[in-house]
Amino acid sequence: MMQRVRTQPFLRLATGALAVASFALIFLMLLFLLAYAYPAIRFNGIGFLTSLTWNIGNQYASGTVTRGGFTGQVGASFGALVFICGTVLSSFLAMIAAVPFSLLVAIAIVYRVPPFLKPLTNAVVELMAGVPSVIYGLWGMIVLVPFIGNKLSPSGNGNGLLAATIILALMVVPIMVATTRDVVQAQSTAIYEASMALGSTSWQAVTRAVLPSVRNGIAGSVLLAFGRALGETMAVLMVCGAAINTLPQSIFSPINTIAAVIVSQLESALTDASGMAQRSLGELALALFLITLIVNGVARVILRGGDRTSMVA
């Protein structure tokens with residue numbers, strides 16, 4: 001007992017320091033992105049969020065153009081609307097497909113898979129979660145994109161929003177299944193058994209008793225998966241179609257995402273002598289960072305509101 005009392009202040013200090021370090025790391029990342037992207041923020045103005053055009057300018061023209069006190073190449077225009085729409089749309093559609101499927105798989109693993117098969121199913125799920133994203137992208141290029149182009153797309157082009165959505169859904173499903181499975185397994189079996197004793201079916205016991213009791217954990221798994229979908233780079237880049245200066249018109253249209261365009265445009269941005277193209281890519285990274293923060297903030301508000309509602313009930 002004395003040993004436990006002595007270690008409690010140390011553990012409290014250690015956990016507090018780690019919590020502060022996590023917050024400080026996020027703050028420093030945000031500060032760095034703001035400082036690096038500041039010239040681009042002044043140069044691009046509000047048009048960065050509303051313009052469809054991404055053009056580093058004429059590298060061979062003489063002279064420069066100045067906006068907001070900073071200079072760029074003649075003809076330079078950096079608009080992020082295409083990439084923001086592609087990022088949010090592909091991630092949102094992927095979550096629509098992945099969330100119900102992941103919940104059903106997690107429930108099946110906990111309540112329906114025989115005990116002797118559970119180690120195998122758990123191993124398969126965790127193996128899929130650890131597969132490098134480039135493997136999913138390669139499969140998408142070789143199998144998925146030709147199938148969509150030959151069988152589904154009216155234009156015959158399989159690269160686009162549908163391919164990116166399917167790839168993202170496949171990538172986030174193992175993460176959601178693993179985390180949701182762990183959350184449900186950690187819940188006491190008393191809730192499930194009490195619901196069954198009151199005459200519920202197994203499905204009713206799970207959906208009306210077990211899942212509501214672990215909604216915070218499920219929401220956490222959804223956020224974790226959504227965060228990966230928003231920031232996924234290589235797999236999406238390999239199947240999205242790398243659209244520039246055009247918004248998607250259908251599920252088969254080519255798109256581009258913030259993370260993918262940062263990679264694909266980095267080489268050409270390095271040829272910009274003014275450095276404004278590189279700074280604008282930094283502004284794109286800042287936009288993705290803020291989108292992720294907003295998503296997590298909204299989720300926390302929803303969860304807090306749900307907790308208050310359940311307490312009143």
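Quick note: the coordinates plus some simple rules give every number you see, no bench work behind them. Only a predicted model underlies this, so the values are computations on that prediction, with no experimental measurement involved. Reconstructed Cβ throughout: ideal geometry from the backbone, glycine too, with neighbour counts over all protein chains shown.
Scoring 168-180, 147-159 by mean Cβ neighbours within 10 Å over their residues and listing the highest first yields 168-180, 147-159.
Among 257-263, 227-233, 58-64, the peptide with the highest mean count of other Cβ atoms within 10 Å heads the list, and the full ranking is 257-263, 227-233, 58-64. Simple spin-label estimate for L270 and F32 gives 1.9 nm between the two label positions (7 Å along the Cα-to-Cβ direction from each Cα). Residue order for F289, F101, fewest other beta carbons within 10 angstrom first, comes to F101, F289. Label positions at M234 and I96, each projected 7 Å from the Cα along the C-beta direction, are separated by 3.0 nm. Look at the alpha carbon pairs under 8 Å that are at least 6 residues apart: their mean separation over the length of the chain gives a relative contact order of 24 percent. At an R0 of 35 angstrom, the distance between the Cβ atoms of T189 and V263 translates into a FRET efficiency of 0.15. Hydrophobic, long helices, defined as DSSP H runs whose alpha-carbon span along the helix axis is 27 Å or greater and whose mean Kyte-Doolittle value is at least -1.0, occur in the chain at 2-44, 81-111, 161-186, 276-312.
Between V74 and I251, the contour length at 0.36 nm per residue exceeds the alpha carbon distance by 60.2 nm. Were the residues from S200 through V301 laid out at 0.36 nm apart, the gain over their Cα-Cα distance would be 33.2 nm. Peptide packing for 12-21, 188-197 was compared via the average number of neighbouring C-beta atoms within 10 Å per residue; ordered from the highest value, the list is 188-197, 12-21. Subtracting the Cα-Cα distance of T15 and R215 from their residue separation scaled by 0.36 nm leaves 69.5 nm.
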